[in-house]
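Asker: Here it is: the structure, laid out below.
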Amino acid sequence: MQSSPLVWHNGKLKPLHEATVHVGAHALHYGSSVFEGIRVYATPDGPRYFRLVDHTERLLLSAKVYDLDIPYSREAINRACEDVVAANGLASAYVRPIAYRAGFTFSLAPSRDVPVEFAVIAIEWGSMHGAQALEDGVDVCVSSWNRAAPNTYPTGVKAGGNYLSSQLIAQEAVRGGFAEGIALAPGGCLSEGAGENLFIVRGGKIYTPPVGASILAGITRDSVLTLARERGIEVIEQSLPREFLYFADEVFMTGTAAEVTPVRSVDRKPVGAGKPGEVTRALQKAFFGLFDGSTANTHGWLTPIANHEHVGSSQGWLRFDPADAQATAQMEAA
């Protein structure tokens, strides 16, 4: 995995090696960062962000929970995400905006004057588990690690520290020869994958754990639920026991990186016929159809990359609106 040559860091585009963080940064020691993962897809009309506005909104809500004062408005963040893709001339990308406490302090209650920095990285990244996994499905296991109990740390926030749990789940799965692990909620019911939401199909209906099951309520999850309901597929959000995985006709997982990935086996038990089923295929087709034009973009989920045609000009991507006082002040200070 290699980053593109230019990243957006604290108000300007710069080479990757110049976008550095101090070894004493609070985020490095305590995980005080919030981030998003967003896809840019190549479409017949050019590169398009998928639900950029919704991802930025969740980023700001995550920052609110941890009192991270991001020094940019939502409009400036959206433009920064567009600029880094345009600057690197990417037709498709995985984009990672991240806000983090960059100041050097060991306090667990850092004061407001501890600086918060912001960066956006874009990489070329195809299917998370490879194109063949989208076609054939992946093998997963139920992890021995559970998700956090309610009111321990907020699992509905996309914070860096939360992903220590995901690392344990994913590493255990890979050691066992699986593509991914599924975590249980504190009460023993199903929660989610290390970085994906979980769906079970039985009797033509889709079942998925609710937001109260210590999940991150994914934006791709919401998109797939919307697409399913529009196609007349009944969706039931409820607590689900582990055995539902073994009773399932189909299982699939969703996420920005995973997109819509079928699961062909759980704990080495085949799911249904051991291959992706009709509901999974229909939702894959509807989801990926958003990017080839075969599914209508009725919800306004696709955002064009402004100034993408100006790649190569020296400062053509830095389109900060002078009316945006926060962004302007940051640019002047840089």
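Asker: If D54 satisfies all but one of (1) acidic (D, E); (2) farther than 19 Å from L216 by Cα; (3) surrounded by 14 or more Cβ atoms within 10 Å (Cβ to Cβ), what's the number of the condition it fails?
Answerer: Checking D54 against (1) acidic (D, E); (2) farther than 19 Å from L216 by Cα; (3) surrounded by 14 or more Cβ atoms within 10 Å (Cβ to Cβ), the one that fails is (2).
Asker: For the stretch 256-285, name all the residues that are small (G, A, S), out of contact with any Lys or Arg (no Cβ under 7 Å at 6 or more places or on another chain) and at negative phi.
Answerer: Within the stretch 256-285, A257, A258, S265, A273, G277 meet the criteria.
Asker: List the number of the failed condition for P5; all other conditions in (1) touching a strand residue (DSSP E or B) at 6+ places or on another chain (Cβ under 8 Å); (2) at pLDDT 95 or above hold.
Answerer: It fails just one condition, (2).
Asker: Next question. Quick one: V7 ticks every box in (1) in contact (Cβ under 8 Å) with a residue 40 or more places away in the chain; (2) not in a strand (DSSP E or B) bar one, so which box is it?
Answerer: Here V7 meets the rest and fails (2).
Asker: Out of (1) surrounded by fewer than 16 Cβ atoms within 10 Å (Cβ to Cβ); (2) at negative phi, what's the single condition that is false for G232?
Answerer: Failed condition: (2).
Asker: List the number of the failed condition for V85; all other conditions in (1) of a type outside the set (S, T, N, Q); (2) out of contact with any strand residue (DSSP E or B) (no Cβ under 6 Å at 6 or more places or on another chain); (3) modelled with pLDDT of 95 or more hold.
Answerer: Going through (1) of a type outside the set (S, T, N, Q); (2) out of contact with any strand residue (DSSP E or B) (no Cβ under 6 Å at 6 or more places or on another chain); (3) modelled with pLDDT of 95 or more one by one, V85 breaks only (2).
Asker: With the structure loaded, tell me whether T220 is under 18 Å from the mean Cα position of the chain (by Cα), touching a residue at least 40 places away in the same chain (Cβ under 8 Å) and under 19 Å from V266 (Cα atoms) or whether it fails that test.
Answerer: So T220 fails the test.
Asker: Under 7 Å by Cβ, and 6 or more places apart or on different chains, what pairs join a residue from the stretch 121-142 that is assigned to a helix (DSSP H, G or I) with one that is β-branched (V, I, T) and at pLDDT 95 or above?
Answerer: Pairs that qualify, where the first residue is assigned to a helix (DSSP H, G or I) and the partner is β-branched (V, I, T) and at pLDDT 95 or above, are A133/T261; L134/T261.
Asker: Within the stretch 235-267, track down each residue that is over 15 Å from G193 (Cα atoms), of a type in the set (A, V, I, L, M) and surrounded by 14 or more Cβ atoms within 10 Å (Cβ to Cβ).
Answerer: V235, A248
Asker: Going through the stretch 67-82 one residue at a time, which ones are outside any loop (DSSP other than H, G, I, E, B) and out of contact with any strand residue (DSSP E or B) (no Cβ under 6 Å at 6 or more places or on another chain)?
Answerer: Hits for the stretch 67-82 are R74, E75, A76, I77, N78, R79, E82.
Asker: Does S107 fit the bill of being more than 26 Å from S166 (Cα to Cα), out of contact with any Gly (no Cβ under 8 Å at 6 or more places or on another chain) and loosely packed, with under 15 Cβ neighbours inside 10 Å?
Answerer: no
Asker: Suppose we keep only residues that are in a loop (DSSP other than H, G, I, E, B) and of a type in the set (G, A, S) within the stretch 83-94. Which one would you say is surrounded by the most Cβ atoms within 10 Å (Cβ to Cβ)?
Answerer: S92
Asker: Still on this structure: Please go through the stretch 268-280 and pick out each residue that is surrounded by fewer than 17 Cβ atoms within 10 Å (Cβ to Cβ) and among the hydrophobic types (A, V, I, L, M, F, W, C).
Answerer: A273
Asker: Out of the residues in the stretch 206-229 meeting the condition of being out of contact with any strand residue (DSSP E or B) (no Cβ under 6 Å at 6 or more places or on another chain) and not in a helix (DSSP H, G or I), tell me which one is surrounded by the fewest Cβ atoms within 10 Å (Cβ to Cβ).
Answerer: Among those residues, the one meeting the criterion is V211.
Asker: Search the stretch 230-247 for residues being in contact (Cβ under 8 Å) with a residue 40 or more places away in the chain and assigned to a loop (DSSP other than H, G, I, E, B), and hand back the single one that is nearest to N297 (Cα to Cα).
Answerer: R231
Asker: Among A42, A27, which is the only one that is under 30 Å from S294 (Cβ atoms), of a type in the set (A, V, I, L, M) and at pLDDT 95 or above?
Answerer: A42
Asker: Does L283 satisfy being surrounded by 21 or more Cβ atoms within 10 Å (Cβ to Cβ) and within 17 Å of D222 (Cβ to Cβ)?
Answerer: When the stated conditions are applied, L283 passes them.
Asker: What is the one condition in (1) more than 26 Å from I219 (Cβ to Cβ); (2) not in a helix (DSSP H, G or I) that H29 does not satisfy?
Answerer: (2)
Asker: Let me ask something additional. For K205, are the conditions met, namely being basic (K, R) and not assigned by TED's automatic domain parsing to the domain that holds A170?
Answerer: The answer is no for K205.
Asker: Listed residues P110, P47, P97; which is part of a strand (DSSP E or B), under 22 Å from P154 (Cα atoms) and touching a residue at least 60 places away in the same chain (Cβ under 8 Å)?
Answerer: That would be P97, the only listed residue that is part of a strand (DSSP E or B), under 22 Å from P154 (Cα atoms) and touching a residue at least 60 places away in the same chain (Cβ under 8 Å).
The values are calculated or read from the model by the stated rules, or taken from the named source; none is laboratory data. Just so it is clear, the model here is predicted, and its values are computed rather than measured. Ideal geometry is used to build each Cβ from the backbone, glycine not excepted, and the neighbour counts take in all protein chains shown.
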